[in-house]
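The structure appears right after this line, and notes come after that.
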Amino acid sequence: MDKYEKFISRTAKEIRASEIREILAIIRARKDVISLAGGIPDPQTFPREELAEIAKHVIVDLGDTALQYSETKGILEVREMISHFLFEYRGISVDAENILVTTGSQQALDLISRTLIDPGDVVITENPSYLAAIGAFRVRGARLVGIKIDKHGMDTYQLEETVKKLVAEGERIKFIYTIPVGHNPAGTTMPTDRKKHLIEIANRYDLLVIEDDPYSYFVYDETADVSPLKAYDSEDRVLYLSTVSKILAPGLRIGWIASPRELTRRLELVKQYMDLHSPTLNQFIVAYAIRSGLVKEHAHKLAPFYRKKRDAMLKAIKEYFPDNVWYTEPIGGFFVFVYVLKEGFDTGKLLPTAINKYKVAYVPGQGFHTNGSGANSMRLSFSYPPPEIIEEGIRRIADMIRNEG
Ligand SMILES: Cc1ncc(COP(=O)(O)O)c(C=O)c1O
């Protein structure tokens, strides 16, 4: 315990370092290790020249406003561009007044937690779910209840049973948090009937739904229905979150929430004290990137680019993995989720062995689970390494699965 410990708040003491960030820090220093751990975009995809041109124009020609403080909810021009963009890409019809610009989707998750969750409230998620969402909900004192997934995402029949039971027990359920397309970490995409079923359950039991949708702008199976839950939102219960992190660059830190007007106002009030507003300059850059057609042009290139990597990972898994492995086959996003069906196999305990002996890294899956399960699971990401390195990484993981545990 250090001398500052007594000054630290109870909330801050509850926060643990993100497992992924710690693993990434170790691996960064190890050039001999193939990392399938970090789920970050490949920097080759960043449209540098185009962004540089837009940034120059915005700073030189519009600097008086672009370099100035701005409104908490986001500058009108960006909200209007996001509104057009959502209609064109996701068939979502919301006007600028329903949109709040956030500092990445991560801030949206934190804002929603601060605005909706009281300690002891129940939040329902997929089991597994996005680590930083789990963290943002837990820090506000939410009790997380996870719903099992299969190869098509959340099992909505289990969701219905669980909601019914929790309501009968008098629990206060605040919302269902879901990532319907290209799930992080599960790699699943929900089919239409499940999306409709989920909305039906929310309507019947008077619940809000948080739809987190960073990956759907490029998918690997063009025939799949990847329409958003928001498209079926007949009672205005869905808060829809997205971001430019995967379609432009995460360093811009621009995301948004499209929500019912009353909630947009509440979220805006809470955001005031967090950061006044998201960076004005980056908001302008994003507005111009959408208006000039850069985002559209760029998004088209991403599906073939990442599809090659996804194919390399699935091909290698089929070739090298033993039979006692269950895995998902993503049509969107950056991840394959794996359960090793071997008694006592513990991916967390095995990580040092993976790194030091097999020279490969993954993210152990237990932290993504809401109930302490998933010790035998891992998240593999294909977004960053080139295809031939992905193949070699999978071969090494296959050796580890065969030899260890
Ligand atoms: C499901 C999900 N939600 C939110 C985020 C955070 O995105 P942002 O960079 O916009 O904060 C990520 C990032 O990987 C994600 O996978």
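Only the coordinates and a few stated rules stand behind these numbers; no lab work does. Quick caveat, the model's predicted, so the values are computed rather than measured. Cβ: placed from backbone, ideal geometry, glycine included. Neighbour counts: every protein chain shown.
Structure summary
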item	result
Coil-residue GluC sites (Glu not before Pro) of segment 147-186, DSSP, other Cβ within 10 Å capped at 12	GLU169
Diffusion coefficient, µm² s⁻¹, Stokes-Einstein with Kirkwood Rh over alpha-carbon pairs of segment 288-405 at 25 °C and 0.890 mPa s	160 µm²/s
Rg over Rh, two decimals, segment 270-352 (C-alpha only, Kirkwood Rh)	1.20
Segment 36-113: GluC sites (Glu not before Pro) in DSSP coil with no more than 14 other Cβ atoms inside 10 Å	GLU71
Burial ordering of MET378, MET313, fewest other beta-carbon atoms within 10 Å first	MET313, MET378
Largest-first principal axis extents of the Cα set of segment 146-214 (Å)	33, 20, 20
Cross-link pairs LYS148/LYS357; LYS309/LYS357; LYS164/LYS246; LYS73/LYS148; LYS318/LYS357; LYS6/LYS349 - those with Cα-Cα distance over 27 Å	LYS148/LYS357; LYS164/LYS246; LYS73/LYS148; LYS6/LYS349
Amide H partners (placed H, <5 Å) of VAL122, local residues excluded	ARG143, ARG172, ILE173, LYS174
Cα radius of gyration and Dmax for segment 49-292 (Å)	18.0, 60
Proxy reagent accessibility, fewest Cβ within 10 Å first, across TYR339, TYR240	TYR339, TYR240
